[in-house]
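Comments concern the structure below.
The values are calculated or read from the model by the stated rules, or taken from the named source; none is laboratory data. For clarity, every value in this text was computed on a predicted model and none was experimentally measured. Here Cβ is always computed from backbone atoms with ideal geometry, including for glycine, and neighbour counts include all displayed protein chains. All accessible areas refer to the heavy atoms of the entire protein, side chains included, with ligands and DNA or RNA removed. Shrake-Rupley method; radii C 1.70, N 1.55, O 1.52, S 1.80 Å.
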Amino acid sequence: MMMGDDVENGNLGPYLDRPRIFPSMRSKPYTPLIFRILRGINVRVLVILLFLGFGYVFYIGASTSPIIVFVFSVCIVSFLLSIYLTKWVLSKDEGPPEMNQISEAIRDGAEGFFKTQYGTISKMALLLALVILSIYLFRNTTPQQESSGLGRATSACITVAAFLLGALCSGVAGYVGMWVSVRANVRVSSAARRSAREALQIAVRAGGFSALVVVGMAVIGIAILYATFYVWLGVDSPGSMKVTDLPLLLVGYGFGASFVALFAQLGGGIYTKAADVGADLVGKVEQGIPEDDPRNPSVIADLVGDNVGDCAARGADLFESIAAEIISAMILGGTMAQHCKIEDPSSFILFPLVVHSFDLVVSSIGILSIRGTRDSNVKVPLEDPMTILHKGYSVTIILAVLTFFGSTRWLLYTEQAPSAWLNFSLCGLVGIITAYVFVWITKYYTDYKHEPVRTLAHSSSTGHGTNIIAGVSLGLESTALPVLVISVSIISAFWLGHTSGLVDETGSPTGGLFGTAVATMGMLSTAAYILTMDMFGPIADNAGGIVEMSQQPESVREITDVLDAVGNTTKATTKGFAIGSAALASFLLFSAYMDEVSSFAREPFKQVDIAIPEVFIGGLLGSMLIFLFSAWACAAVGRIAQEVVKEVRRQFIERPGIMDYKEKPDYGRCVAIVASASLREMIKPGALAIVSPIVVGFLFRVLGHYTGHPLLGAKVVAALLMFATVSGILMALFLNTAGGAWDNAKKFIETGALGGKGSESHKAAVTGDTVGDPFKDTAGPSLHVLIKMLATITLVMAPVFL
C-alpha cells in the first residue's frame, strides 16, 4: 500500500503538471494456482496432455451417446472463438501512460481481493464437503440405489466430487469474468478517444469472451460428469443404475456452483457498493467533485469493486443459474421418460445440454454481429448503444427460436406421441418470449428514456425525501408485471406439456412439469448474449472512471457516460432476466426435491398442506429468511461505507492540498478498508442461508418422530423453500429495479436536465443512488442466487429431514 517518498512527504510540484502515478495494490500480478501450474508446464508436454484430455473426453462421450459428442464439439469450438475474441480485444491499444497506470492499479486491487476472497470461500467449501460426506455415509439409500448396487460410500464420494467440481468451475467462471474486465476497461477508454462505436465493440467482445467461457464451462462440465458416471457405473447394463436415475448424481455439482456464487455475489457486492457509497457521499455531495475524480481517495476502490462485484460475481452467478437449470431439467426429463416408458430416454435427459450448446452458437453470431466503424468523430455517438445491443439481441432471439424448434424435433420426437415435440417447441417459445418481455419490462422501469425514471428524476427537484419515496414506490410497482409474466409462463408451459400426448402406465398425462422445464431452457437459450450485455456494463463504467481520472477531454467523457448509462440498464435487465429464470428453475428443483423425498421415504409426497401449523411456521421462517438475509447484506454495506466516509473525510482534512491537486490521496488505504471488511461481512448472511434449512428440517424431523409424523421435517422444509422462493422473487425484483432506477435518474440529471451536475436536484438524486446501491448490487443479486441455493441444498440434504 506504500506510495513514493515524494508523495508521502508532500514534496510535489503542481499535481496537474506531473505524471499521474497510481499505486500498485500488490507487489506482483495474481494468477490462480491452476493457471500457474499450466503456465509452468513445457509447451510440448502441455500439448500432449491436452491431446490426451480431449481424447479421453471424446472417448467417454462416444461411449455414452452421439449427443454428448456433439455437445463436446460445440463447447470446444466456442472456447476457440473466445480465444479469438481475447486476442482481438488485447490487440487494441491501452492509450496514454496515465490511463495504463490507473488500469494497473485497478487490476492489482481486483486480483488481490479475488485471491483473498476465493481463498476464504475454498476453505468453507472444503468444510461443507466434509459435512456432506458425513451425511451421505450414514444416510438411508433409495430403492433405485439398492437395485443398482450403488452403496453409501460410492454415493457419498460421487456427491462430494460433484460438489467440489461445481465449486471449482464456478470459481474459474468468476475469475474469467474479472480477468477480462480489468484488461478491457483501459482499451475501451482509449477507443472512446476515437469512436463511440469502436469503444462499444471492444466492450461487447470482452463481455462475449467471458460469456462464452462461462456458459461453455457449465455445459461441458455437466456433460463430462454425466459421461464419466455413465461409463464408470456401467449405466443401463444388467444389475446397474438406470440412465433415468443418473441425473440425480449431478445435484452436488449444482450445489457447489450455488455455494460459490452466493459468497462471490455477497463479498463482491458488499465491496463494490461500500466503496461506491463512500465515494459518492463525500466526493459528490460534500466536496462537489465529479464522479471518479482523481482527488477522491475512494475512487480506485470503487473501480476495483466494479470488477469483483459486477464481473467476477456475475460470472459465477450465471454459471450457477445454467447449471441448476440443466440439472433440474435433466432430472425431470429422466423421470418423465421413465414414467412414459420411452424407449430411448437419453434424448430427453440430454436435451438441456443440446439447447445450451446451440445457445453458444446463436449468441456467438449475435456478438459478432456488433461491428465497429471507421468513423473517428468522438463528439457525438453515431447511434444509441442500446439500439445496437438490441439489434444483436434480436438476431440471437430469432436464431434461438429456429434452433430450439430443430432441437425439439431432433431429440423429443417419439412414436408414442408424434406431436409432443411441437408442444415442447411451443413451451420453449414461451420461455424465449418470457425472456424478451422481462428484458423489456426491466428496461422500461430503469432506462431514463422512459417515463418511470424521468418521473423519479423530477421528484429530486423537491428534495431528498421525495426522491426516496418515489424510488421505493417505483420499485414496489415494478414487481407486478414480472410476476404476471412468470405466472402466465408457468401455466402456459405446464398445459402445453400436459397436453403433449405423453402418458404414464395409468393413462395420466405426465408432460406438464417437463413442459415448464423446457420453458426454462427457452428462457436461458440466449444466456450467453445476456451475460455479454451484463459484462458490458461494468467494463463501460470502469472505462468512464479511467477517462475521468486521467483527465481526458470532455468529449471523451461524454461517450463513456453514454456507454455507462446504457451499461446500468443492461445490468438491470440481466438481473431481471436472472430473477425470472431463478423462479422457473426453483419451481423445477422444488418438484425434484419432492420426488427425492418420496424415494427416500418410500411413500408418496405430492402435496404440502400449509393448514398444518408446523408447515405454516416453516413457510413463515422461509419468508423471514429472505428479509433477514437482505437486511444483513444491506447493513454490511452501510457499516463499511461509514468506515470509508470517515477515511475519505480524514484525508480531505489532513491533506488539504488534495482539492488543489497539490497532494495525492492515499487510494490504497480505502482499498484495504473495503477489502478486509467485505470478507468479514459476507460470512454472516451466507452462513444464515446455508444453516437455516438444515437446522429447521432437522428440528422438525425430531418433532415429527415424537409426534408420529415421519415426513414432518420434509414438509416443513418444503414450505420454507416455497415461501422463500415467492418472497425472494418479489424482494429481488423490488431491490434490483428500484436501485437501477435511482442510478439512472441520477444519470439523467447529469446529462444537463433539472440543473445538471452540482444542482440541488443532483444532490437529491445522488442520495437516492446511494440508497439504491446496496439494493441493486448486493442484496438483490444475492437473493436470486439464494433462492436457487436453497433449492439445491434441500435436494442434497433431503436425507437429513427424514
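How much length, in nm to one decimal, is gained on full extension between PHE616 and LEU52, taken as 0.36 nm per residue of separation minus their Cα-Cα distance?
Separation in residues times 0.36 nm, less the Cα-Cα distance, equals 197.5 nm.
PHE79 versus THR116, label points 7 Å from Cα toward the beta carbon: distance in nm?
3.3 nm
Provide the descending list of Cα extents for the stretch 582-716 along its principal axes, expressed in whole angstroms.
76, 29, 22
Taking only the alpha carbons of the stretch 267-314, what extent do you get along each of the three principal axes, in Å, biggest first?
For the stretch 267-314, the Cα extents along the three principal axes come out at 32, 15, 12 Å.
Tilt of helix 196-232 relative to the longest C-alpha principal axis of the chain, in degrees (0 to 90, nearest 10)?
Value to nearest ten degrees: 30.
Can you tell me, using C-alpha contacts under 8 Å and at least 6 residues apart, the relative contact order of the chain as a whole percent? Could you put the intermediate results ahead of the total?
On the way: 1501 pairs, mean separation 155.5, N = 802.
This gives 19 percent for the chain.
Where does each of THR387, THR403 land when they are ordered by accessible area, with a 1.4 Å probe and the largest first?
THR387, THR403
Using mean Cβ contacts within 10 Å as the protection proxy, how do 766-772, 713-719, 617-623 order, highest first?
With the highest mean Cβ count within 10 Å placed first, the list reads 713-719, 766-772, 617-623.
Convex hull over the Cα atoms of the chain, averaged projected area in nm²? Could the numbers behind the result be given before it?
Values: hull surface 129.4 nm².
If I average the Cα hull's projected area over directions, I get 32.3 nm².
What is the gain in length, in nm to one decimal, between VAL45 and ILE398 on full extension, counting 0.36 nm per residue of separation less the C-alpha to C-alpha distance? Kindly include the intermediate steps, with their values, before the conclusion.
On the way: separation 353, 0.36 × 353 = 127.08 nm, distance 4.35 nm.
Gain on stretching VAL45 to ILE398: 122.7 nm.
Have a look at LEU399, ALA129, VAL716 and report the one farthest towards the positive end of the charge dipole of the chain, computed about the Cα centre with Cβ charges (Lys/Arg +1, Asp/Glu -1).
ALA129
GLU654 to LYS391: extension gain in nm, 0.36 nm per residue of separation minus the Cα-Cα distance?
Using 0.36 nm per residue and subtracting the Cα-Cα distance, I get 89.5 nm.
Keeping all protein chains in position, work out how much accessible area MET217 exposes to a 1.4 Å probe, and write it in Å² to the nearest 10.
30 Å²
Taking the 0 to 90 degree range and rounding to the nearest ten, how far is the long axis of helix 712-750 tilted relative to the main principal axis of the chain, both from C-alpha atoms?
30 degrees
Using the eigenvalues of the Cα gyration tensor, what equivalent ellipsoid semi-axes result for the stretch 177-269 when each is taken as the square root of five times the eigenvalue, whole Å, largest first?
Ellipsoid semi-axes (Å, largest first): 42, 16, 8.
I need to check one value: relative contact order of the stretch 685-759, counting alpha carbon pairs closer than 8 Å and at least 6 residues apart, in percent.
Details: 32 pairs, mean separation 12.7, N = 75.
Reported relative contact order: 17 percent.
Starting from the Kirkwood Rh over alpha-carbon pairs, what translational D in µm² s⁻¹ does the stretch 700-802 have by Stokes-Einstein at 20 °C and 1.002 mPa s?
After rounding, the answer is 131 µm²/s.
Report VAL57's accessible area, 1.4 Å probe, all protein chains in place, as a number in Å² to the nearest 10.
20 Å²
Suppose we keep just the alpha-carbon trace of the stretch 521-667; what are its Rg and Dmax in angstrom?
24.5, 76
For helix 554-601, report the angle its Cα long axis makes with the longest principal axis of the Cα atoms of the chain; keep it between 0 and 90° and round to the nearest 10°.
20 degrees
What percentage of all Cα-Cα pairs in the stretch 91-211 are separated by more than 18 Å? Numbers along the way, then the final one.
Working: 4797 of 7260 pairs.
Within the stretch 91-211, distances greater than 18 Å cover 66 percent of Cα pairs.
What is the Cα coordinate range of the stretch 316-452 on the first, second and third principal axes, sorted by size from largest, in whole angstrom?
65, 35, 30
Normalised radius of gyration for the stretch 249-366, please: alpha carbon Rg relative to 2.2 N^0.38 Å, two decimal places. Can you show the working numbers first?
Details: Rg = 21.7 Å, N = 118, 2.2 N^0.38 = 13.5 Å.
Against the compact-globule rule of thumb, the ratio is 1.61.
Using heavy-atom solvent-accessible surface (probe 1.4 Å) with all chains present, what is the largest-first order of THR499, THR792?
Ranked from most to least accessible, the order is THR499, THR792.
Put a dot 7 Å past each Cα toward the Cβ at LEU130 and SER473; how far apart are the dots in nm?
Simple spin-label model gives 5.5 nm for this pair.
Rg(Cα) of the stretch 646-689 divided by 2.2 N^0.38 Å?
For the stretch 646-689, the normalised Cα radius of gyration is 1.65.
Please give the per residue accessible area of the stretch 616-744, computed with a probe of 1.4 Å over protein heavy atoms only, in Å².
Working: 4920 Å² over 129 residues.
Spelled out: the 1.4 Å probe surface of the stretch 616-744, per residue, equals 38 Å².
With a cut-off of 8 Å between alpha carbons and a minimum separation of six or more residues, what is the relative contact order of the stretch 216-276 in percent?
22 percent
Let me cross-check ILE610: its accessible surface, 1.4 Å probe, with only protein heavy atoms counted, in Å² to the nearest 10?
80 Å²
In whole percent, how big is the carbon plus sulfur part of the accessible area of the stretch 651-802, probe 1.4 Å, protein atoms only?
65 percent
For the stretch 107-222, what is the accessible area per residue in Å², given a 1.4 Å probe and the full set of protein chains?
For the stretch 107-222, the solvent-accessible area averages 28 Å² per residue.
For LEU703, LEU412, what's the largest-to-smallest order of accessible area, 1.4 Å probe?
Details: LEU703 75, LEU412 0 Å².
Ranked list, largest accessible area first: LEU703, LEU412.
Between Rg and the Kirkwood Rh of the stretch 188-229, both from Cα atoms, what is the Rg to Rh ratio?
Details: Rg = 16.6 Å, Rh = 12.1 Å.
With Rg and the Kirkwood Rh in hand, the quotient comes to 1.37.
Calculate the FRET efficiency for THR751 and LYS87 from the Cβ-Cβ distance with a Förster distance of 35 Å, rounded to the nearest 0.05.
0.45
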